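A.B. asks: Below is one structure. I have some questions about it.
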Amino acid sequence: MISQKLLGFALAFISGILLFASFPPLDWSWAGWIALTPVTIGMIVLDGEKRQVWLEGLILSSTFFFSTLIWVTEVSWIGWILLTLIMLPYPVAWMIVTERVLRGAQLRLHSFINLYRAALCSLLWVGLEWMRGWAFSGFPWNYIGASQYRMVAVIQIAEWGGVLLISWLVVFISMVLGLTCIRIIRETTRKQKMRPHFEFTLSMLLVGLVLLFGIHVLLDRTESVKEITALAVQPNIPQDPWKSGMSVKETVAKLEVLSISGLNQSDSDIDLIVWPETPVGQEIYVSPYFREALQAITIQRNIPLIMGSIIVTGPKLYNAALLYPAGGGPPQVYYKNHLVLMGEYVPLPENFPLRNYFIPLGQNFTEGTTKVVFSLFDKDVRLAPLICFEDVFSNLARGFVSGNPDIFVNLTNDGWFNRSFESRQHLANSVFRAVENRRPLLRVSNNGVTALIDHKGILREDAIFGNFSDGSYQEAGTLKVTIEVPGSQRTVYQQFGDWIGYLGAGALILVVGQFYLRPRIGFLNLGGRQRI
C-alpha cells in the first residue's frame, strides 16, 4: 500500500534527521540514543509487505550524510557529493541485513529474543562503521558513538573498546526502544500476552553500569606525574586553495606577533609554543622570515616550538610537523602518515583534467611511514604529533603508544572550511583518542577549536579558546594551558584495538552467509513460523 511505503520513507527520514541532530552544530547527544528507533519500528511494522528497505536505507543514509558533511562544500561541491556517495552504502547495507534479521519479529516479540536481535543488529552496525574507517583509505567521521563526546560518564568505556564500543551501546539501546514500543502496542491491543519487559530493564541496567563505571573514573583523583604549560597559537589565516591567500611573510608575522603577545601576557613560564598545521601552501620552515621568528622564540626566549609545514624533498611533497628545541638546533620531524583523500591526494593520473581541482597544490602528497614521538628533553615529556584529521583515526593514534608518549598534540588547519561547523565535529571525533589511550590531547587549529582535552575526555571551559555561543572560538588569539600528565596506563583498547569492529565484521559475514546458504536450522531463524 502507498500509505505504508510513505510511512517507511518518513520513519527513515526521521532517523536520518535524528542522526544529524546528535552531532554539531545542534549537538543533541540524546538524539543518538533514539536515532535508529524509527527505522527499527518501521522494519517490524511493515514486515510481510513487499519491501523497499534498500530505498528506506538510502533515505536514511542520504539524509544523514548530505547534511552532516555539508561543510565540505566550503572547499568543493563535487567533493561533497563524491564523499557522500562513498558513505551512502554503509547504512543501506545495515538496513538490508537488519531487515532480514528482524523479519517475522511480530510473530515472536519476547524479551530475550529481542535482546539477541538488538545485540546482533547493533554489532552489524559497528562492523560497517569499522569498515568505513579503513575502506577507500578510511573516513571514520561521525561514528554514532562520537555523538556522545560531551557525555563524559558514558565515554569512559572507550578505554575498553574505543568509540566503536560506544556506538554499539547507543545502537543497542535505540533498537531495544523500538522493539519495546512495538511490543507494548501489541500487548495493549491484545495481540499478544502482557509479560515483563526484561529487554528494556536489562538494557537500562547496562546503561546504569556504564554510568557507574564512568562516575568511578571521573571521581578518581590520581595525581599527575608531570606537567607542562603550553601556549597554543590560533592565527585564523584565511585559506583559499586556488588563489594566493596570505603570503608567507604575512603569515609568519601574524604567528610571531601572537606568540610574543601571549608570552608577554603570561604570568608564568611557558614550556612550549604550538603553532597549527601549515596555514599556507609553501615551505614556511625555509623562509627567512620564519628563521627570524624562530630565533626570537627558541633562542632569545629559550622556548621550544612545534609547528606544521610543507616539506619538499626532491619530487616528494610531505605534510610535516616539526619540533624546534629551546636554544636552537635542528628540529625533530614527523611526516604525516595518513593523507586525506580528495584533499592531499587523489588516485588519478597526473594528466587527468580535473585532478588539480581536488588537490589544492596540484600534486599528491607522500605518506610518511614512521610514527615519530617528539621529546622535550628538559621536561622529560614526550609528544605524539597528529596532523589534521589524523586525530580522527583511532588505530593511528594507538600506533604511537609503543613510543610511550605523554601527550598527543594535534596540529590542524580547519580554516579550509571557514566558519562552518566542521571544526566542532572535528573536536567531537577527536575527544575519544584521549580516553582510548588515557593521554591528554592538545588541539591547535588555524581556525577551529583550539582546546585541551584531558585523559578522561573532559573539555574544561578554561581550556577552550573562545566559546561556541558567539563563534569567538574561530577568531585569532592564544590559549595558555597547563597539561597534566597522568602515569602511564595500559588500556584494553591499546592492547586489542577495535576488537568489537572485528566482531561486527565477522558477524556481518556470518549473517550474509546465512542469507545465501539457508541451512535448515539457522541462528537467525527467530520468526517462529516464518523462516529466513
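The values are calculated or read from the model by the stated rules, or taken from the named source; none is laboratory data. Keep in mind it's a predicted model, so treat the numbers as computed, not measured. Note that we place each Cβ from the backbone using ideal geometry, even for glycine, and neighbour counts take in every protein chain shown. Ligands, DNA and RNA are excluded from the accessible area calculation, which covers all protein heavy atoms including side chains. Shrake-Rupley method; radii C 1.70, N 1.55, O 1.52, S 1.80 Å.
A.B. asks: Is it the case that some residue within the range 408-431 is open to solvent by 10 Å² or more (accessible area, probe 1.4 Å), in contact with a helix residue (DSSP H, G or I) (Cβ under 7 Å, 6 or more places away or on another chain) and charged (D, E, K, R)?
C.D. replies: Looking through the range 408-431, at least one residue is open to solvent by 10 Å² or more (accessible area, probe 1.4 Å), in contact with a helix residue (DSSP H, G or I) (Cβ under 7 Å, 6 or more places away or on another chain) and charged (D, E, K, R).
A.B. asks: Which of the residues spanning the range 112-149 are among the hydrophobic types (A, V, I, L, M, F, W, C) and assigned to a loop (DSSP other than H, G, I, E, B)?
C.D. replies: Residues satisfying the conditions are TRP134, PHE139, TRP141.
A.B. asks: What pairs can you find where one residue is in the range 134-161 and on the phi > 0 side of the Ramachandran plot, the other is of a type outside the set (Val, Ile, Thr), and their Cβ atoms are less than 6 Å apart, with a gap of 6+ or different chains?
C.D. replies: SER137/LEU341; ASN142/PHE23
A.B. asks: Which pairs turn up if I take residues in the range 246-271 that are farther than 15 Å from ILE306 by Cα and look for partners that are assigned to a helix (DSSP H, G or I) and open to solvent by 50 Å² or more (accessible area, probe 1.4 Å) with beta carbon separation below 6 Å, at least 6 apart in sequence or on another chain?
C.D. replies: LYS249/TYR289
A.B. asks: Are there any helices (runs of 4 or more DSSP H) wholly within the range 28-87 with 3 or more residues that are closer than 30 Å to GLN239 by Cα, and if so which?
C.D. replies: 53-68, 77-87
A.B. asks: Can you find a residue in the range 435-447 that is out of contact with any Leu (no Cβ under 8 Å at 6 or more places or on another chain), surrounded by 24 or more Cβ atoms within 10 Å (Cβ to Cβ), modelled with pLDDT of 95 or more and of a type in the set (Val, Ile, Thr)?
C.D. replies: Yes, there is a match, as at least one residue in the range 435-447 is out of contact with any Leu (no Cβ under 8 Å at 6 or more places or on another chain), surrounded by 24 or more Cβ atoms within 10 Å (Cβ to Cβ), modelled with pLDDT of 95 or more and of a type in the set (Val, Ile, Thr).
A.B. asks: Is there any pair with a first residue in the range 378-395 that is open to solvent by 10 Å² or more (accessible area, probe 1.4 Å) and a second that is of a type in the set (Phe, Trp, Tyr) and part of a strand (DSSP E or B) whose Cβ atoms are under 8 Å apart and which are 6 or more apart or on different chains, and what are they?
C.D. replies: As it stands, the answer is ARG382/PHE374, since those pairs meet every condition given.
A.B. asks: Select from the range 198-224 the residues that are in contact (Cβ under 8 Å) with a residue 24 or more places away in the chain and in contact with an Asp or Glu (Cβ under 9 Å, 6 or more places away or on another chain) and write down the one among them that is least open to solvent (accessible area, probe 1.4 Å).
C.D. replies: Per the stated criteria, the residue is VAL217.
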